[in-house]
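What follows is a short report on a single structure.
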Amino acid sequence: MTVLTEAPAPAVPAPRIERVPTVVHIGIGAALRQSLTMAKRGMLTFRHSPQLLYDAVLLPIIGPLLFGSVFGTAIAGSMHAYLPTLIPGVLVQIVLTSSVATGVQLSEDIRSGVFDRFVSMPIARSAPVTGALVAGATRYVIAALMVLIVGFGMGYRPDHPGGLIAGALLVVLATTAMSWIFAFIGVTVARPAAVQGMSMLVLTFLSFASNALVPVQAMPAWLRHVSDYNPVSHLVAAVRTLADTGHAGSDLVWSALAALLVAIVFAPLTVRTLRNR
């Protein structure tokens, strides 16, 4: 008796998946246009969810009133005498606080899968991050304007109003550069809540270990040394000098250099982290 066995079918090689990207180079002009498109997406998010701007609107109202009431009499004798110290300080403090939302939004996009869809598109890897930072600058402008309006309502009258406006513009530009730190945290840490917690930890230290609210002479010696090298102290001092004298001092130069250094270090780190995802 002959037993017939069925010969195994020859293995069919799996179709080869072409993994070479169809777009290998994106010019600077195209990357800028794509970044602006992403910035428009971020601004439309504010339009559809205006509650995302609540902190940029309400915090500049609560902050000056609260800090002025708590520290005004103790430090300067009255709230009115404290205003030249308070308003530039809370201007820097509150606008910097608004930048935390940029990292949180990036982390949320990554966690929800929106960023994976961006990566699958033939656009520059830096465009979603740059667009988020540009859209975040809208929050900084709103927060700065609110602080100036509230300060004016509390009776603050700087000797050089044009200098104060220039100082507010400096704060917005410096915060946009420093928000690369929080963008890096946003693409590194998995959970948005953790991003917010870590960012607030960094901001709390930088804000309160500075000359934003109290004179550095009232600090312990070790904290005074920290404040002397703190970039927030130089930024606050630059705004006060502009508002009081109308001239740019050395603190403005140090603030600009610190912001530029942060952007040079953290922008490539953020984009490289996104490429490795």
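The values are calculated or read from the model by the stated rules, or taken from the named source; none is laboratory data. Note that the structure is a prediction, hence the values are computed from the model and not measured. Neighbour counts are summed over all protein chains in view; Cβ atoms, including those assigned to glycine, are modelled from backbone coordinates with ideal geometry. Accessible surface is based on the protein model in full, side chains and every heavy atom, while ligands, DNA and RNA are left aside. Shrake-Rupley method; radii C 1.70, N 1.55, O 1.52, S 1.80 Å.
Pick from Pro88, Pro84: which is open to solvent by 10 Å² or more (accessible area, probe 1.4 Å), at pLDDT 90 or above, touching a helix residue (DSSP H, G or I) at 6+ places or on another chain (Cβ under 8 Å) and assigned to a helix (DSSP H, G or I)?
Step by step, each of Pro88, Pro84 is checked, and only Pro84 is open to solvent by 10 Å² or more (accessible area, probe 1.4 Å), at pLDDT 90 or above, touching a helix residue (DSSP H, G or I) at 6+ places or on another chain (Cβ under 8 Å) and assigned to a helix (DSSP H, G or I).
All but one of (1) free of Cβ contacts under 8 Å to residues at least 24 places away in the same chain; (2) touching a Ser or Thr at 6+ places or on another chain (Cβ under 7 Å) hold for Phe208; state the number of the condition that does not hold.
So the condition that Phe208 fails would be (2).
Given (1) under 24 Å from the mean Cα position of the chain (by Cα); (2) hydroxyl-bearing (Ser, Thr, Tyr); (3) more than 30 Å from Pro128 (Cα to Cα); (4) surrounded by fewer than 21 Cβ atoms within 10 Å (Cβ to Cβ), where does Ser210 come up short, assuming only one miss?
(4)
Take the residues in region 153-204 that are part of a loop (DSSP other than H, G, I, E, B) and modelled with pLDDT under 85; name whichever of them is least open to solvent (accessible area, probe 1.4 Å).
This residue is Val189.
Looking at region 249-256, can you tell me whether even one residue there is of a type in the set (Ser, Thr, Tyr), free of Cβ contacts under 8 Å to residues at least 60 places away in the same chain and open to solvent by 10 Å² or more (accessible area, probe 1.4 Å)?
yes
Any chance region 56-77 includes a residue that's in contact (Cβ under 8 Å) with a residue 24 or more places away in the chain, within 17 Å of Leu203 (Cβ to Cβ) and open to solvent by 40 Å² or more (accessible area, probe 1.4 Å)?
Within region 56-77, one or more residues are in contact (Cβ under 8 Å) with a residue 24 or more places away in the chain, within 17 Å of Leu203 (Cβ to Cβ) and open to solvent by 40 Å² or more (accessible area, probe 1.4 Å).
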